[in-house]
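Chemist: Dropping the structure in here first, questions after.
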Amino acid sequence: MVARSTITAVEQPPAYYAARPTNTLAIISMILGIAGYVVLPFVAGIAAVITGHMARGQIRRTGEAGRGFALAGLILGYVNIALVILAFAVVVVALALAGAEFVKAPQG
């Protein structure tokens, strides 16, 4: 009888890598972009655009995660600003037309 030598390989646990930290300004930009539709129209939209651009610059320099958050904040902010300007223009035109009709109304 031949003796078998059994060599067992020591299994290494899988390597875990630390996740890149998410850029804080990117998260703030997305939150402000959402808040622009819920709480503070126009003001939050402008803040979302500003923080989104700042976050993208920081992400480019540092390699942090959060590029999608920053982009979402930028898109939400720009769309919010455009909708507020459009709504303001519609109100101005409606008031101008209503004023014109009021002036044309027959008197007496």
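The values are calculated or read from the model by the stated rules, or taken from the named source; none is laboratory data. Keep in mind the model is a prediction, meaning the values are calculated, not measured. Counting neighbours? That spans all protein chains shown, and the Cβs are built from the backbone with ideal geometry, glycine included.
Chemist: Can you give me the number of residues within the stretch 30-45 that are among the aromatic types (Phe, Trp, Tyr) and part of a helix (DSSP H, G or I)?
Modeler: Result for the stretch 30-45: 1.
Chemist: A further question on this structure: Of Gln107, Gln58, which residue is modelled with pLDDT of 95 or more and not hydrophobic (A, V, I, L, M, F, W, C)?
Modeler: Result: Gln58 is the single residue among Gln107, Gln58 that is modelled with pLDDT of 95 or more and not hydrophobic (A, V, I, L, M, F, W, C).
Chemist: Now, a different point. Condition test on Ala48, is it modelled with pLDDT of 95 or more and either touching a Ser or Thr at 6+ places or on another chain (Cβ under 8 Å) or not in a helix (DSSP H, G or I) (or both)?
Modeler: yes
Chemist: Among the residues of the stretch 32-43, which ones are surrounded by fewer than 17 Cβ atoms within 10 Å (Cβ to Cβ) and without any contact (Cβ under 8 Å) to a residue 40 or more places away in the chain?
Modeler: Scanning the stretch 32-43 gives Val38, Val39, Leu40, Val43.
Chemist: Are any of the residues in the stretch 62-81 loosely packed, with under 14 Cβ neighbours inside 10 Å, free of Cβ contacts under 8 Å to residues at least 40 places away in the same chain and assigned to a loop (DSSP other than H, G, I, E, B)?
Modeler: no
Chemist: Which pairs have Cβ atoms under 8 Å, sit 6 or more apart or on different chains, and link a residue in the stretch 1-29 that is part of a strand (DSSP E or B) to one that is among the small types (Gly, Ala, Ser) and at pLDDT 75 or above?
Modeler: Every condition considered, the pairs that remain are Thr22/Ala65; Thr22/Gly66.
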